Structure formats: C-alpha cells, structure tokens
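The values are calculated or read from the model by the stated rules, or taken from the named source; none is laboratory data. Quick caveat, the model's predicted, so the values are computed rather than measured. Cβ placement follows ideal geometry from the backbone for every residue including glycine, while neighbour counts extend to all protein chains displayed. The protein model used for the area step is the full one, side chains on, heavy atoms only, and it has no ligands, DNA or RNA in it. Shrake-Rupley method; radii C 1.70, N 1.55, O 1.52, S 1.80 Å.
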Amino acid sequence: MSVRLHSIVALAALTIMAGTEVGFAQSSPTVPQIVRDRIASSGRTRVIVELAATSLAPDGRRSAEQMRRQRTEIAAQRSRLRARLGQGAHRFVHEFANVPFVALEIDASSLAELEAAGSPAVRVFEDRLLAPTLAQSVPLIEADLAHQIGLNGSGNVVAVVDSGVDRTHPFLAPRVVAEACFASAESGDGGDCPNGQATEIGPGAAESCAFAPLACGHGTHVAGIAAGSGPEFSGVAPNASLIAVQVFHASMQCFFLLEEFPCPRAYESDIVAGLEYVMSLRNQFNIAAVNMSLGGTAYDSACDAESPLFSAIINNLKSVGIATIAASGNDGLTDGIAEPACIAAAISVGATTDDDEVAWFSNASADLDLLAPGTGINSSMPGGGFEELDGTSMAAPHVAGAWAIYKQAHPGATVDEALASFVSTGTPIADSRGGPTKPRIRVGAAVGIESPVPVIDSISPSTVNAFASAFTLRVNGSGFIGSSKVSLNGQPQRTTFVNDTTLTVTIASGQLPASAAAVTVAVSTPPPGGGTSNAATLNVVVPALEVSSTMVDAGDPVTLTLVDAPGGAEDWVAVSAVGSANTSYVTFVAFANAPSGSWTVNMPQTPGTYEFRLYLDYGYGIAAVSAPVVVAATEPEPEPEPEPAPVATLTVSTTTVAPGAPVTVALANAPGNPTDWLGVSAVGSANTSYVAFVAFANVASGSWTVNMPQTPGTYEFRLYLDYGYGIAAVSAPVVVQ
C-alpha cells in the first residue's frame with residue numbers, strides 16, 4: 001500500500017452523558033471522504049463505527065464489576081445501533097465485547113442512518129486493509145545466553161496474528177495451543193478461513209492461507225523466528241507456546257510489484273477481532289506478547305487518534321500485561337512508522353542487518369521503540385521447509401520471543417518495565433540514513449545475564465601479505481557471544497558470530513597497513529560482564545624487489561628478484577623512470593602471479609635512473625619499488641689504427657764493383673704500379689737526376705742484373721713512382737772503383 005504521512009489532528013471528544021446510561025450522540029458523526037467515495041463508486045464499503053460510551057479504562061485497570069458494567073453498556077449501544085439501522089442493506093461484520101466499536105458493511109442508506117440525528121455513532125472510520133510487512137540472529141541478540149541457563153520462554157505464550165501457522169511443521173509442533181481465524185471476504189458473507197467462512201475457532205482454524213502460496217507462508221516464518229525449535233538452530237524462545245490467529249483474506253487490491261494475485265490483505269476489524277480473541281485467553285495461558293508483522297499507513301507521530309479501535313484493544317492488552325509487538329514497516333522511511341506500530345501502547349520494531357546497521361528498508365521515527373535483526377532470517381515455511389526472508393516482519397518476532405524469555409525470568413513485570421529493560425540494555429544503533437539512534441535488543445543483558453570475558457586462543461591466518469586480496473580472518477577462542485566484536489589495532493570490525501568459540505572478520509584488500517610489521521587483534525564483549533580479550537598478533541609482510549646491480553651501461557642486463565609478493569593472478573612488474581607517475585612505465589617485465597620469482601631484464605638504451613615497480617591487479621596501484629638503477633652513457637669504440645702499408649725495399653748483390661761490372665738489384669714490397677720504374681743515380685744527386693734507366697718496376701717484387709757505369713764513383717738504385725720523380729725506395733750505395 002502506498003505510504004502516507006499524516007499529521008495528528010485533534011478529533012472531537014467522545015460525548016459523555018451523565019448518569020448510568022449513555023444517550024445517543026448529539027451531533028452527526030465524522031465520516032472520512034474516502035468512505036463516501038467508495039460508496040459512490042462501489043455502492044458499499046466496510047467501516048468501523050465508534051459508539052458513544054462513558055469514559056473507558058483498559059480492562060486491566062478495572063474491577064470485575066466495572067468490567068461487567070462497561071460490557072453491558074457497550075452491548076446496549078450495539079443494540080441501539082441495530083435498532084437504528086433496522087433491516088436495511090447493511091451487514092454487521094464484527095461486534096467487539098470490550099471496546100465500543102463495531103465493524104459494518106454499509107451502503108448509502110445505512111450511512112445516512114448513521115449520520116442522522118439521534119444515532120449512537122460517534123465516529124465512522126474506513127475499515128482499512130493492512131498487508132504483511134515481509135541463524136545468526138539468535139546469538140546476535142544474546143538469546144542463546146539465556147537458553148544456556150534455562151530461559152527459553154517455557155511457560156509463556158506468543159500469539160502470532162498473521163497469515164496462519166503450519167502447526168505440523170517439525171520446527172513448531174506441537175506447541176500451537178490455540179487457533180482462530182478472522183478473515184472476512186471483501187464482498188459477501190464468506191471468508192478465507194479453512195471452513196470457507198469469515199470466522200473459525202478451534203484446532204486447524206489458523207492453518208496457513210492457501211490463495212497466495214508465497215505470502216501465505218509469512219505467518220509460519222514469523223512463528224518460527226519467535227518460538228521455533230530444531231536440532232541445528234532454534235528461534236528466540238524455543239520452549240514458548242504459540243497462539244495462531246489467521247487474519248488475511250484473498251484481495252484484489254494488490255499494488256506491490258511482483259505481488260501474488262490475489263494478494264493477502266487483512267481488515268483492521270479482523271485484526272482487532274483476532275486481538276480480542278487473544279485477550280479472551282489471558283486467564284487460560286500466560287500470554288507474554290502478541291506479534292503483528294503487518295502494517296498500513298505510516299505516521300510521523302502516535303496515531304491513536306486516527307486508529308482508535310487499534311488503540312483501544314492494544315491498550316487493553318497492555319493493561320493485562322500482554323505486549324503488542326508490531327513491525328515498523330518496510331518503506332525506508334526515517335520519519336514515520338506504519339499502523340499499528342504507531343499506536344502509542346504498541347512496541348514498534350525496526351530491522352537491523354547482520355552487520356548491526358539499520359536495514360535500508362526499515363521504517364523509523366522518534367516513536368520507534370526497538371531494533372532487532374531483520375535481514376537474511378532463516379525460518380520455517382509451510383510444508384516442512386525453511387527459507388531466508390528480509391523485513392521488519394522478521395525483526396518483530398525476535399522481540400516477541402525475547403518478551404517470552406523476559407516474562408519467564410520476571411513473571412510479574414509490566415509491559416513498560418520490560419520495555420525499559422530492553423531499551424536500557426540494548427546496543428545503540430545509529431541510523432546512517434539520518435534517522436534516530438535506537439537500541440537493538442540484547443536478551444541476555446535485559447534479563448541480567450553477565451557475558452563471559454572473551455579469550456583468544458589463535459587466529460588464522462597468522463601471517464598475511466599487506467597487499468593480499470580480501471580474506472577472512474578466523475578468530476578461535478572461548479567466551480564469544482553474538483555481540484562480541486573483533487578489533488584490528490583498536491578499530492572494531494564487522495564481525496560474524498559463528499559460535500561461542502569462533503568469530504570471523506572479512507579483511508578487504510588494502511585494509512592492512514603497508515608500513516607495519518604486525519596488527520593487534522582483540523575481541524570485545526559489551527557489559528553486563530564481558531570485557532576485552534588478550535591480544536593476538538597478525539603478522540604483516542610487505543613485498544620487496546631486489547636488483548643485482550644499481551649501475552649498468554645502456555642495454556645491459558639486470559637480475560630482478562621478487563619476494564613476499566601477494567601473488568595475484570594479474571599483478572605485474574615493469575621498469576619505470578624514477579619520479580615518473582604511477583601510470584608511467586618504460587617496459588613491461590612479467591606477470592608477478594607467484595609469491596616470489598626472478599627475471600633477467602635488459603635495461604633501457606637511454607641513459608637515466610630507473611626502478612622496477614610491482615603493480616597490483618593489472619592496475620597502477622604500486623605495492624613495491626626496487627632500489628634505483630643508473631643506466632650510464634656508453635663511450636663510442638675508438639677507430640682501429642690502420643695497418644701500416646708495407647715499405648718497398650731495394651737490395652743489391654754487392655756494394656763494390658769494377659767499372660762496368662754487373663750488379664743484381666732485388667725489389668720487394670713495391671706498389672707494382674704499371675709506370676713505376678728503376679733508375680741508377682749518383683748518390684747525392686737530385687731526385688730528377690739519374691745516370692741510367694734500368695726497367696719498369698710494375699711488380700711487387702723482382703730482380704734485375706745491371707752493368708754499373710764505367711765512370712768511377714758512388715751510385716744507388718732508386719724506385720720512382722708513376723713515371724715521375726717521386727722516390728719510394730733507395731738501395732745501399734754501390735762504389736764503382
């Protein structure tokens with residue numbers, strides 16, 4: 001149903017007549033426009049009519065004689081109303097024994113009679129439709145501590161006013177002690193009780209409705225949370241008994257997305273009939289609480305004036321020590337809670353998550369009383385199975401079951417006394433959405449159980465990489481409860497309670513300090529009792545990159561060694577210039593998908609200062625940096641000295657001869673040019689001077705026999721180049737005697 005916030009408006013006071021008999025109303029009753037509109041569009045509608053009566057007090061505050069007189073007075077007013085309406089086209093749906101109201105189906109003529117002078121009606125209200133408000137939670141609220149000392153709801157009863165309860169479910173059998181159904185149809189005289197009628201009382205009367213298989217499991221789920229009992233896990237008060245009241249009928253007024261059609265809806269008058277049935281059993285059973293995980297319009301303050309019928313019956317229940325627990329609604333409001341949770345005497349309950357945060361869907365306001373777990377709650381479903389559901393519907397029965405445990409421990413406590421205990425001992429939960437801070441219930445603390453001091457025996461793992469992927473830290477020890485919190489270096493963490501010897505914490509990637517060698521782990525439990533455990537040490541290792549040399553020539557190899565790496569599949573190593581941005585790298589080296597490794601890398605050709613970086617998860621988050629490696633400029637290789645050219649030589653067979661005598665001259669290592677030539681010259685003569693031409697020296701080596709000149713003197717052989725006078729070689733002097 002769409003949520004509307006209504007301001008509380010002053011309504012006309014009840015007309016109180018002097019004497020022992022109440023007269024008729026002296027003015028026309030107030031009638032909401034929606035009632036007139038529905039009669040205009042459909043011809044008929046359901047209404048709740050408030051009758052004139054003397055000032056009423058809740059049943060628990062009156063003597064037996066006062067109660068008898070009041071019921072007589074209410075019955076007399078009903079008789080006057082019947083007489084007033086006569087045989088018209090109206091239908092009495094519910095007549096309430098203890099509050100001055102009746103539920104009717106009326107048409108335009110019946111409305112006219114109600115508004116006519118002398119009518120016993122004071123006010124007319126729409127009979128509004130309400131909808132259902134859809135294994136860690138028990139330890140979280142410390143109900144398991146109560147179970148350990150025998151406080152399990154034994155001897156007390158929780159009434160579940162909902163979509164019915166599967167009394168044969170192993171989680172609930174055989175603790176359903178009374179059943180009733182008030183589920184009148186939206187048209188006609190029939191209804192959706194098992195007998196096909198609008199009302200049924202007795203065994204089987206509150207079996208789960210069948211017209212919406214999913215939604216009709218709501219009541220069984222709620223009952224299991226409050227009082228289920230099983231071999232592996234249990235509800236909050238596993239030894240409490242149950243009163244089951246089915247109030248939902250098959251409705252065509254279905255507005256929620258993905259809602260079954262037809263959908264479950266409950267008239268306010270049917271719900272109140274169910275509450276009055278519970279009230280009638282108060283002397284037969286020790287009824288601790290009534291759970292109503294259903295809701296309608298949301299209000300930003302107490303809604304008693306808008307819902308006087310709800311207000312009257314809930315105050316009656318409270319007066320005899322029965323708490324009415326109501327879900328706050330799932331519209332995500334921070335300034336309004338749904339009817340009937342908005343009734344001042346009701347105990348309104350919002351939902352928290354496993355992480356002890358207010359659930360995103362939970363309605364809240366300044367009038368909200370308590371919080372309880374309401375996400376991922378595993379409980380019974382019709383047919384013997386189980387299912388996890390979310391909602392303030394799941395939070396409310398945690399409180400109803402807790403009330404049964406509290407009443408077992410303190411049988412004489414009033415509703416206000418029990419509420420005060422739950423409020424004062426609860427864990428304050430700040431609403432991150434901007435709503436008010438409210439207490440999440442702690443059953444053990446409320447009944448005065450002191451929690452043990454937690455003790456840590458070990459943690460696993462005990463050593464982790466500072467840059468490891470997200471992992472679960474397991475803390476093993478003793479004395480843990482649902483409210484125990486693990487802290488890292490004094491900072492509380494979101495803690496999962498596994499059992500009284502094990503807690504777990506999920507550590508996110510990058511959460512551990514990269515500069516610390518260890519983190520201190522401790523467990524704290526709030527009072528009463530409790531305290532802080534001994535400390536355990538979580539060792540933290542940091543990756544390192546080591547290089548074989550810090551100064552090399554351009555392009556030279558360097559061996560890189562990685563130790564204590566996270567070993568992520570997409571971690572990688574690169575070469576970067578020192579001082580460059582994280583996103584800047586020169587060369588990709590390798591994937592570092594193991595805790596250790598080594599690589600030989602050729603450094604860049606460009607001189608400069610470089611470093612190796614370990615990047616995480618194929619991104620640019622740096623986990624380790626090596627020492628700087630200086631790449632020096634390379635000196636060019638010197639040009640090789642040219643091989644000296646061979647030197648030409650001229651040798652003679654003798655150095656002293658007679659005039660005209662022969663001499664053999666040998667040439668070696670000559671250039672061998674075609675026009676090089678040999679001549680005989682006087683020693684000391686000019687280059688251009690020669691006595692005789694000997695031969696062309698066009699070979700690298702050769703020999704010739706030459707007759708020396710007839711004129712005595714000192715002569716030499718000369719090698720001339722290229723038919724010119726450049727001398728390349730000169731022989732030893734030859735003396736002609």
(message) Within the range 382-394, take every residue that is more than 25 Å from Ala323 (Cα to Cα) and either of a type in the set (Lys, Arg) or out of contact with any Pro (no Cβ under 9 Å at 6 or more places or on another chain) (or both) and give me the one that is most open to solvent (accessible area, probe 1.4 Å).
(response) Glu388
(request) Of all residues in the range 226-263, count the ones that are of a type outside the set (Phe, Trp, Tyr), at pLDDT 90 or above and open to solvent by less than 10 Å² (accessible area, probe 1.4 Å). (result) 14
(request) Being surrounded by fewer than 20 Cβ atoms within 10 Å (Cβ to Cβ), modelled with pLDDT of 85 or more and of a type outside the set (Val, Ile, Thr) narrows it down to one of Asp107, Asp166, so name that one. (result) Asp107
(request) Report yes if Ala624 is modelled with pLDDT of 95 or more and open to solvent by less than 30 Å² (accessible area, probe 1.4 Å), otherwise no. (result) no
(request) Kindly provide the set of residues from the range 517-531 that are over 13 Å from Gln491 (Cα atoms) and open to solvent by 30 Å² or more (accessible area, probe 1.4 Å), ordered by number. (result) Ala517, Ala518, Pro526, Pro527, Pro528, Gly529
(message) Just to verify a result, which residue in the range 640-682, among those that are among the hydrophobic types (A, V, I, L, M, F, W, C) and open to solvent by 40 Å² or more (accessible area, probe 1.4 Å), is nearest to the chain's Cα centre (by Cα)?
(response) Ala645
(request) Need at least 1 residues that are farther than 23 Å from Gly196 by Cα per element, so show me which strands (runs of 3 or more DSSP E) inside the range 249-328 make the cut, counting only ones lying wholly within it. (result) 287-292, 323-327
(request) Pick out the one residue from Gly510, Gly555, Gly579 that is part of a loop (DSSP other than H, G, I, E, B), under 30 Å from Thr600 (Cα atoms) and either at pLDDT below 90 or touching a Gly at 6+ places or on another chain (Cβ under 7 Å) (or both). (result) Gly510
(request) Among the candidates Thr606, Thr561, single out the residue that is open to solvent by 30 Å² or more (accessible area, probe 1.4 Å) and either part of a strand (DSSP E or B) or at positive phi (or both). (result) Thr561
(request) Would you please name the residue that is nearest to the chain's Cα centre (by Cα), looking only at residues in the range 697-736 that are among the charged types (D, E, K, R) and in a strand (DSSP E or B)? (result) Arg718
(message) I need the full set of residues from the range 538-552 which are in a loop (DSSP other than H, G, I, E, B) and more than 27 Å from Ala468 (Cβ to Cβ), in order please.
(response) Ser548, Ser549, Thr550
(message) Would you confirm, using the coordinates I've provided, whether Ala729 is of a type in the set (Gly, Ala, Ser) and over 18 Å from Gly660 (Cβ atoms)?
(response) yes
(request) Determine which single condition Ser432 fails, assuming it passes every other condition in (1) hydroxyl-bearing (Ser, Thr, Tyr); (2) surrounded by 13 or more Cβ atoms within 10 Å (Cβ to Cβ); (3) not in a strand (DSSP E or B). (result) (2)
(request) Within the range 582-603, work out how many residues are among the polar types (S, T, N, Q) and either open to solvent by less than 70 Å² (accessible area, probe 1.4 Å) or not in a strand (DSSP E or B) (or both). (result) 6
(request) State the number of residues belonging to the range 264-294 that are open to solvent by 10 Å² or more (accessible area, probe 1.4 Å) and not hydrophobic (A, V, I, L, M, F, W, C). (result) 8
(request) Hey, can you tell me all the residues within the range 205-225 that are open to solvent by 20 Å² or more (accessible area, probe 1.4 Å) and in contact with a helix residue (DSSP H, G or I) (Cβ under 7 Å, 6 or more places away or on another chain)? (result) Ser208, Ala210
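Yes or no, residue by residue, for (1) open to solvent by less than 60 Å² (accessible area, probe 1.4 Å); (2) of a type outside the set (A, V, I, L, M, F, W, C); (3) farther than 21 Å from Ile141 by Cβ:
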residue: Val486; (1), (2), (3): yes, no, no
residue: Asn489; (1), (2), (3): no, yes, yes
residue: Thr495; (1), (2), (3): yes, yes, no
residue: Val505; (1), (2), (3): yes, no, no
(request) Run down Val415, Val447, Val443, Val453 and say which single residue is surrounded by 14 or more Cβ atoms within 10 Å (Cβ to Cβ), modelled with pLDDT of 95 or more, of a type in the set (Val, Ile, Thr) and farther than 30 Å from Tyr620 by Cβ. (result) Val415
(message) Looking at Thr520, Thr504, Thr472, Thr496 in this structure, which one is within 27 Å of Tyr618 (Cα to Cα) and in a strand (DSSP E or B)?
(response) Thr472
(request) From Gly490, Gly510, Gly479, grab the single residue that is closer than 14 Å to Ser533 by Cα and out of contact with any strand residue (DSSP E or B) (no Cβ under 7 Å at 6 or more places or on another chain). (result) Gly490
